[in-house]
Structures are given as structure tokens and as C-alpha cells.
Amino acid sequence: MKNNYMRYGNNRDVISLFSGAMGLDIGLEKAGLNVVIGQDFEPACVETMEANKRKVLGGDIRNIAPDTILELTGLHKGEPFLICGGPPCQPFSTAGKRLGINDPRGSLFMDFIRMIDCIRPRFFIMENVKGIMSSPLKHVSAEQRDVNDPEQKLGTVLDVILSEFEKLKYKTVYGILDAVNYGVPQFRERFVLIGSRDNEDIFLPFPTHFQMHQNAEYRWKTVGDVIKDLENDPGECGTLSNDRKKYIHMVPEGGNWKDLPEDLIPEAMGGAYESGGGKVGFYRRLSYSQPAPTITTAPAQKATMLCHPKQDRPLSVKEYSRIQQFPDEWIFAGTTAAKYKQIGNAVPIGLGEAIGKAIIATSDKAASIETKRFRGTSVHNKIMNAMILGVIYA
């Protein structure tokens, strides 16, 4: 397979699927790649891409032929450097012999793999929620049910995903990456799967930023680093109800509902007061001196609140965008709610850039330094192990 596509060895063109607001794509471009087309089903996402002068193919990916994408980009089978995307793994059908509700074979994932199979890019990136690594397959069809094993163990969603890519003869590496370790001012864990058509030595990017470092440039970035200058000019912003504003006013910087006066907590929390779980998102106020928690799609909602460190309001659209590292000039289309959703669902730019650089280093065979030195290897190993703490390999 490799020899068939050698004439495309210098290509750096990327096809983006399930592109959303193009967070991953901007990161890949910062790494040195060229995103030639985006695709999404959501009208607001399509409008965002168009507003930023990007070539975009809107509509349901289930109805899109791979040849259509190749025609729009002027590329040929085997020519694209990379296909990237975060296909939702919820099923859209339980027809036929599909395993059902938790089986990625009954989901949009299969349309992502259909594109990989037909277009044959040199590499692919699939990103998703971290729960995909442990989500079990819970439902089976009548034809596949073992009557002698009512607790039939079918493996995980990830098992199926990996087996599908194995059928396509793509070498894969995967794990959980936390965006904070790549210069993003936010704790955000995402599942990342990288594939190589030509059996190249792919790897997940090593951390570039750390909680402790003698050089400030390489320490974790904080909320204050990226939004403090917007405090008095936040721009477009959601609103809190009067009740929520009353309670958030009592919460100190970096706090949440647990910091409210004890006698007011039952009233403030309502029905959630008696529920289980940590409820950390209720009346949550960010801290300038720390990275943000994972950005949600609705910062003004009671259970997913992300309020300004000093002011009694949710983070603004621009502050949200800064934390996800979008350029200030990037245009988000749609309602305020639609903008929050697009930003909240995006891959942070810094994480996308790190993934892109790792793939380019692989393609250029420049990821490591060959050496014959053996003295001091224990010291080197300690440094390597410390770096790997930020990358979870399965």
C-alpha cells in the first residue's frame, strides 16, 4: 500500500470531518498542516466556517460520498496527508445485526471509517470523550445472544473501534491527553486515536507544559493569563437569573456551592441538594490563578456554571474563546447559546497543535535523536517518566 502513494509523500493537506468551530483544525494549521475542507451537520457550525472564509461541506455525513469530498478538494485517493474528526459514537440505528445502543458500529463512527477506507489518507486523528475507553457494549441482537451466558461480556466500544481500523490495516496508537499539559489554560481530558496507513512510528505528543517548572514559559497556563485584560470589556455574554446572581455573589474566587452559607445551601441547590455526586459545577466561580475546569457548552446553567473570577456573570463568549485559544479575530455564527456550544465542544487549539506536530515529526522521521551514549541513562529515564505522566497510554 505504501508504494502506491509515494508520489504524495510531500502532501500536507487535511480533510476535516465533524469540524464544529474548527478548534482542532486551527491547531493542526499552527503545526504546519493545510486544512482544505471542513464538514459538519450543524447549521451554526457551517455558518461559522463560512464566516471565516473556509471551504465547507454542510449536511449529514451519512449522505456524503467520499468522491464528493475528493472532487471538492481536487485531491485523489491516497493523496490527503490526514483525515481528522470527532465522530459521535452514539448509535443512530439498531437495524440488522448491529449490536445496538453502545455499539459504535451503529453510530456515525462508521461513516468516519467509511471515509478513511475510501480516501486512504496517510494518517488519521479521531478524538472523543475519554469514557470511550471504558464504555462497555451492553446490548446484543437476538442472533448474537448467548442463552447460556446472560451476563455476556462483549468488550468495550474501544475494542470495536480498534478492530475496525485493524481491518483497514492502519497502525494505531491511542490514549487520554489533558489539554493543560500542552499550554491550554484548561483541564480538559480527551481520548485521542492516531492511525498510520504506512505503518509509520506514530506516537501521542509528549507534554510541553507542567505544573512545576523553573521556566515560566513551560508552566501550566492560567485563566488570568488569557482573560484578565477583558475584565471590563467582555463583549457578548450570557446572563444569570436574579436568584443565581444572588448566590454566586456569595461565592469567593475559585469556589462553588460548598462555599455558600450553610443555611442557604438547601435553598440555593433546590432538588439537587439531596442528589448524589460531587455537584462541583453548581455556582462555580473560576480563579485567575489556576487553569479553568473543562469548558462546558452552557456556562450560565445551574449545574454547569462557569462564572467570572471577580464579576457576577458567566464567562463571556470572548473569554470562552480565549480559554479554548481561538484567535480573537475568529468569528462565531449563531445565537449566543450556539456560540457557547460551538466553543464548548471544540478541541483546544494548543492540543490540536501538539497532535499535529507529533504527526509531522513522525512523517519527517525527526521525532527522536539517535545516540550511542549510555552513561546517565537513569537520569534520562527519570525525565522521560515524568513527561509520560501527562500522557496515558492504554
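Quick notes on this structure:
- Under the span-like rule (Cα at least 24 Å along the axis, Kyte-Doolittle mean at least -1.0), DSSP H helices of the chain: none
- Solution diffusion estimate, µm²/s, Stokes-Einstein, segment 258-306, Kirkwood Rh from C-alpha pairs, 4 °C, viscosity 1.567 mPa s: 110
- Secondary-structure-derived ellipticity at 222 nm for the chain, considering helices only, amounts to -8000 deg cm²/dmol, per-run term -39500 (n - 2.57) for DSSP H runs with n ≥ 4.
- Residue-wise HN-Hα coupling along segment 6-18, computed from phi with Karplus coefficients 6.51, -1.76, 1.60 (Hz; x: Gly, Pro): 4, 5, 9, x, 8, 5, 10, 7, 10, 9, 9, 10, 6
- Residue among Ile323, Ile64, Ile113 with the largest mean-square fluctuation in a Gaussian network model of the chain, springs linking Cα atoms under 10 Å: Ile64
- Whether segment 326-387 is rounded, prolate or oblate, judged on the alpha carbon gyration tensor where a/c under 1.5 counts as rounded: prolate
- Charge dipole of the chain about the Cα centre (unit charges at C-beta), most positive-ward option of Gly9, Val280, Ser135: Gly9
- Computed from point charges on the beta carbon alone (+1 for Lys and Arg, -1 for Asp and Glu), the dipole magnitude for the chain about its Cα centre is near 860 Debye.
- Reach of Lys279 by Cα under 13 Å, taken over aspartates and glutamates that are not fewer than 8 positions away in the same chain: Asp259
- Accessible surface, per residue, of the chain when the full set of protein chains is kept, probe 1.4 Å, Å²: 49
- Within the listed set Gly278, Gly175, Gly155, the Gaussian network model of the chain (springs between alpha-carbon atoms below 10 Å) gives the highest mean-square fluctuation for Gly278.
- Surface composition of the chain: carbon plus sulfur atoms hold 51% of the accessible area, using a 1.4 angstrom probe and ignoring ligands, DNA and RNA.
- Links that overshoot a 26 Å alpha carbon limit, given the list Lys167/Lys341; Lys221/Lys382; Lys221/Lys341: Lys167/Lys341
- Amide hydrogen neighbours beyond the local backbone of Ala333, cut-off 5 Å, H modeled: Thr48
- Shown here: semi-axes √(5λ) of the Cα gyration tensor in Å, derived from the displayed model; of the candidates (i) 51, 22, 21; (ii) 36, 27, 24; (iii) 37, 26, 18, it corresponds to (ii).
The values are calculated or read from the model by the stated rules, or taken from the named source; none is laboratory data. Every value quoted in this text rests on a predicted model; they were computed, and no experiment measured them. In this analysis, Cβ positions are derived from the backbone assuming ideal geometry, glycine residues included, and neighbour counts consider all displayed protein chains. To get the accessible areas, we keep the full protein, side chains included, count just its heavy atoms, and leave off ligands, DNA and RNA. Shrake-Rupley method; radii C 1.70, N 1.55, O 1.52, S 1.80 Å.
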